[in-house]
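Trainee: My questions will all concern the structure given below.
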Amino acid sequence: MLALFRHTLAQSSFKVHRIHVRGADALEFLQGQSTQRVSETWAFHSFLDRAGKVESHFILWSVGQEATLLVPTELVPAVLSRFERYVISEDVEHQDMDEEIWWIAFGAGRSLPGVAGLLASIPTWIQSTTFADVPVASTAELSNWLRWQGCPSIEIPFHVGELINQTRLFDAAVDMKKGCFPGQEVVAKIHNNRGAAWASVLLQNLKPAPVPAQLVLEDKVVAKINPDHDGDWYQADILRDVRVEGMELSSQFKVKLYPRWGTSAQERALELYHLGIEAFAKGDEAFARQTWELTIQVDETFADAYEAIGVLLGRQGQYVEAESWMRKLLVVDPSSVMAHTNLSLFLMRQDRIQEAEDHKAQATVAQFAVFGKKAASERAQKEALEKEEQQRQQREKMFLQVIEIDAEDALANFGLATLCLERHQFQKAREHLERVLLTDPGYAVAYLALGKALKALGETSEARRIWQEGVKIAAKKGEMMPANEMQSLLTLA
């Protein structure tokens, strides 16, 4: 089943106040006050107080020297107050155009008119009228999709009064490269020092057991769980110490960082493609074709979808149309062996014998080209490995010089352990890493590397123990990259 917004193009309305801002200094003023860069594409913005807490949030874009703000009705006084307090001698005029209905459209499919932007990394358009020929979804459906993707609300106040680092507005509306804005110093300090203590994530309930309002581990509240849920999925604010992708909490919940569903074109296209495969296996060829065509709308380079549609049409005896899809595949992937192979078959079915033979020959040539590329790739890989070993030897010499001076130096031992892992010298790597952790028990990435060495030596249970300890240490220090990788390895081990 296809879901609106997630798989297919759809639109929904939302009710907000429109505030029009203009004047020679308008964009400079907004640039200095907002958490986000002002541009011609729409984006979430927020006004913070000096302590980094949310005063208001809105959608904003500019055209020339003018800007449009779409503000949740309840937050209009806070936004207007910002202008009244901070506009002193600047040439900035603002006007509340009252409450209006606007429309937002996104999902799989074509480009649309209106003001462009990104919502959860998906191309999205906003305008004051409905979009022609786009299916309409309810406001509730839009809100539900936004909620489970961790996106800020458009028309309802969202975490006002809270530290923005602890809300989903931080990812949606804060540009840390932008420069100064009120509250920026606090926001940057928290962000650069391990991140917010609490933040919102998803929890998957793994057991048919009651879900508590709070989750306590080792006499400490680590999660505050929202009772609203979608099947086994819940939303919760959890402590930084356990905010690790895939971590299991009290054996009942598994942590999932937002978004719930993939948002990149590749992720969405792959999901659609597999929906089509499942439908085809069940005999629903119409739905299979529909999803494969949507796959191409999401990612026009997804070669397997072109081939799947062509093969499906060939099975149905629609050889002319099947031929057209194979030719489209050749545009996307000129080296496709299967495109020529299938074209030969479909042309033969149309009694176009000579053309069929030509494509059969081209399939053979393409196959040889594949073999040639493979051989060239293997040669290039061999040369790259030889170059990497030369670089390893240089690094090894440097680390050994340090070890001669201080045999317990953690950085030099970790460097040597890394080289040993790359050379598959797992026992040597283990010895260096154990020395690192004796010297510095808080060296988070050493737990990650030691677990890999132990796993390669066949000591899986010890590797798991090391990774479990390492996840706790890395999470407490705010080193989320090694924490997440160790948790992922624990899931696979």
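The values are calculated or read from the model by the stated rules, or taken from the named source; none is laboratory data. Keep in mind it's a predicted model, so treat the numbers as computed, not measured. Ideal geometry is used to build each Cβ from the backbone, glycine not excepted, and the neighbour counts take in all protein chains shown.
Trainee: Tell me, yes or no, whether the range 344-361 has at least one residue that is in contact with a helix residue (DSSP H, G or I) (Cβ under 9 Å, 6 or more places away or on another chain) and closer than 17 Å to Ala308 by Cβ.
Mentor: Yes: one or more hits.
Trainee: Does Ala366 meet the test of being in contact with a His (Cβ under 7 Å, 6 or more places away or on another chain), closer than 25 Å to Asp299 by Cβ and in a helix (DSSP H, G or I)?
Mentor: Details: in contact with a His (Cβ under 7 Å, 6 or more places away or on another chain): yes; closer than 25 Å to Asp299 by Cβ: yes; in a helix (DSSP H, G or I): yes.
Against the criterion (in contact with a His (Cβ under 7 Å, 6 or more places away or on another chain), closer than 25 Å to Asp299 by Cβ and in a helix (DSSP H, G or I)), Ala366 qualifies.
Trainee: Right, something else. Tell me the residue from Thr491, Thr439 that is over 20 Å from Lys254 (Cα atoms) and of a type in the set (Val, Ile, Thr), please.
Mentor: So the residue among Thr491, Thr439 that is over 20 Å from Lys254 (Cα atoms) and of a type in the set (Val, Ile, Thr) is Thr439.
Trainee: Could you tell me which of the residues Glu141, Glu162 is among the acidic types (Asp, Glu) and closer than 19 Å to Arg260 by Cβ? Break it down into steps so the answer makes sense when it comes.
Mentor: On the way: Glu162 fails: closer than 19 Å to Arg260 by Cβ.
On inspection, the qualifying residue turns out to be Glu141.
Trainee: Turning to a different aspect of this structure: For the range 463-492, which positions are without any contact (Cβ under 8 Å) to a residue 40 or more places away in the chain and surrounded by fewer than 15 Cβ atoms within 10 Å (Cβ to Cβ)?
Mentor: Residues satisfying the conditions are Arg465, Met481, Leu492.
Trainee: Looking at (1) touching an Asp or Glu at 6+ places or on another chain (Cβ under 8 Å); (2) surrounded by fewer than 16 Cβ atoms within 10 Å (Cβ to Cβ); (3) small (Gly, Ala, Ser), find the lone condition where Ala376 falls short.
Mentor: Every condition holds for Ala376 apart from (1).
Trainee: Among (1) farther than 21 Å from Glu185 by Cβ; (2) without any contact (Cβ under 8 Å) to a residue 60 or more places away in the chain; (3) within 25 Å of the chain's Cα centre (by Cα), which single condition is Gln11 missing?
Mentor: Evaluating Gln11 over (1) farther than 21 Å from Glu185 by Cβ; (2) without any contact (Cβ under 8 Å) to a residue 60 or more places away in the chain; (3) within 25 Å of the chain's Cα centre (by Cα) leaves (2) as the failure.
Trainee: For the list (1) over 16 Å from Glu469 (Cα atoms); (2) in contact with a Leu (Cβ under 6 Å, 6 or more places away or on another chain); (3) modelled with pLDDT of 90 or more, I need the number of the one condition that Leu433 fails.
Mentor: Single failed check for Leu433: (1).
Trainee: Now a separate question. Restricting attention to the range 302-332, which residues are more than 28 Å from the chain's Cα centre (by Cα) and either on the phi > 0 side of the Ramachandran plot or among the acidic types (Asp, Glu) (or both)?
Mentor: Gly317, Glu321, Glu323
Trainee: Inspect all residues belonging to the range 202-214 and state whether any of them is touching a Phe, Trp or Tyr at 6+ places or on another chain (Cβ under 9 Å), of a type in the set (Val, Ile, Thr) and surrounded by fewer than 19 Cβ atoms within 10 Å (Cβ to Cβ).
Mentor: Among the residues of the range 202-214, at least one is touching a Phe, Trp or Tyr at 6+ places or on another chain (Cβ under 9 Å), of a type in the set (Val, Ile, Thr) and surrounded by fewer than 19 Cβ atoms within 10 Å (Cβ to Cβ), which makes the answer yes.
Trainee: Follow-up. Quick one: in the range 58-79, which of the residues that are surrounded by fewer than 17 Cβ atoms within 10 Å (Cβ to Cβ) and out of contact with any Leu (no Cβ under 7 Å at 6 or more places or on another chain) is nearest to His20 (Cα to Cα)?
Mentor: If we take residues in the range 58-79 being surrounded by fewer than 17 Cβ atoms within 10 Å (Cβ to Cβ) and out of contact with any Leu (no Cβ under 7 Å at 6 or more places or on another chain), then Glu66 is nearest to His20 (Cα to Cα).
Trainee: Which of (1) of a type outside the set (D, E, K, R); (2) modelled with pLDDT of 95 or more; (3) within 26 Å of Phe106 (Cα to Cα) is the odd one out, the single condition Gln297 does not satisfy?
Mentor: Result: Gln297 fails condition (2) only.
Trainee: Still on this structure, I have one more. Which residue, of Val445, Val436, is within 21 Å of Lys477 (Cα to Cα), touching a Pro at 6+ places or on another chain (Cβ under 6 Å) and either buried (at least 17 other Cβ atoms within 10 Å of the Cβ) or not hydroxyl-bearing (Ser, Thr, Tyr) (or both)?
Mentor: Val445
Trainee: A further question follows. In the range 108-144, which residues are among the small types (Gly, Ala, Ser), more than 13 Å from Ser12 (Cβ to Cβ) and surrounded by 13 or more Cβ atoms within 10 Å (Cβ to Cβ)?
Mentor: Ala108, Gly109, Gly114, Ala116, Gly117, Ala120, Ser121, Ser128 - these are the residues of the range 108-144 that are among the small types (Gly, Ala, Ser), more than 13 Å from Ser12 (Cβ to Cβ) and surrounded by 13 or more Cβ atoms within 10 Å (Cβ to Cβ).
Trainee: May I pose another question? Report, by residue number, each residue of the range 165-181 that is touching a Lys or Arg at 6+ places or on another chain (Cβ under 7 Å) and either over 21 Å from Phe83 (Cα atoms) or modelled with pLDDT of 95 or more (or both). Steps first, please.
Mentor: Filtering the range 165-181 for residues touching a Lys or Arg at 6+ places or on another chain (Cβ under 7 Å) gives 175, 178.
Listed by number, the list holds a single entry, Asp175.
Trainee: Looking for something outside any loop (DSSP other than H, G, I, E, B), acidic (Asp, Glu), under 16 Å from Phe44 (Cβ atoms) and not assigned by TED's automatic domain parsing to the domain that holds Glu479 - is there at least one such residue anywhere in the range 177-194?
Mentor: Initial filter on the range 177-194 (outside any loop (DSSP other than H, G, I, E, B)): 184-192.
If we keep only those that are acidic (Asp, Glu) too, we end up with 185.
Pick out the ones that are also under 16 Å from Phe44 (Cβ atoms) and you get none.
Looking for residues that are outside any loop (DSSP other than H, G, I, E, B), acidic (Asp, Glu), under 16 Å from Phe44 (Cβ atoms) and not assigned by TED's automatic domain parsing to the domain that holds Glu479, one finds none in the range 177-194, hence no.
Trainee: Let me ask another. Pairs needed: first member in the range 59-73, of a type in the set (Gly, Ala, Ser); second member anywhere, assigned to a strand (DSSP E or B) and surrounded by 14 or more Cβ atoms within 10 Å (Cβ to Cβ); C-beta distance under 8 Å; at least 6 residues apart or different chains.
Mentor: So the pair list comes out as Ser62/Thr68; Ala67/His20; Ala67/Val21; Ala67/Arg22; Ala67/Leu60; Ala67/Trp61.
Trainee: Counting only residues that are surrounded by 17 or more Cβ atoms within 10 Å (Cβ to Cβ) and of a type in the set (A, V, I, L, M, F, W, C), which one in the range 350-373 is modelled with the lowest pLDDT?
Mentor: Ala366
Trainee: Listed residues Leu294, Leu347; which is buried (at least 17 other Cβ atoms within 10 Å of the Cβ) and in contact with a Ser or Thr (Cβ under 7 Å, 6 or more places away or on another chain)? Explain how you work it out, then say what you get.
Mentor: Numbers: Leu347 fails: in contact with a Ser or Thr (Cβ under 7 Å, 6 or more places away or on another chain).
Step by step, each of Leu294, Leu347 is checked, and only Leu294 is buried (at least 17 other Cβ atoms within 10 Å of the Cβ) and in contact with a Ser or Thr (Cβ under 7 Å, 6 or more places away or on another chain).
Trainee: Name every residue in the range 323-344 that is touching a residue at least 24 places away in the same chain (Cβ under 8 Å), part of a helix (DSSP H, G or I) and under 21 Å from Gly276 (Cβ atoms), in order of residue number.
Mentor: Result: Glu323, Leu329, Val332, Met338, Ala339, Asn342.
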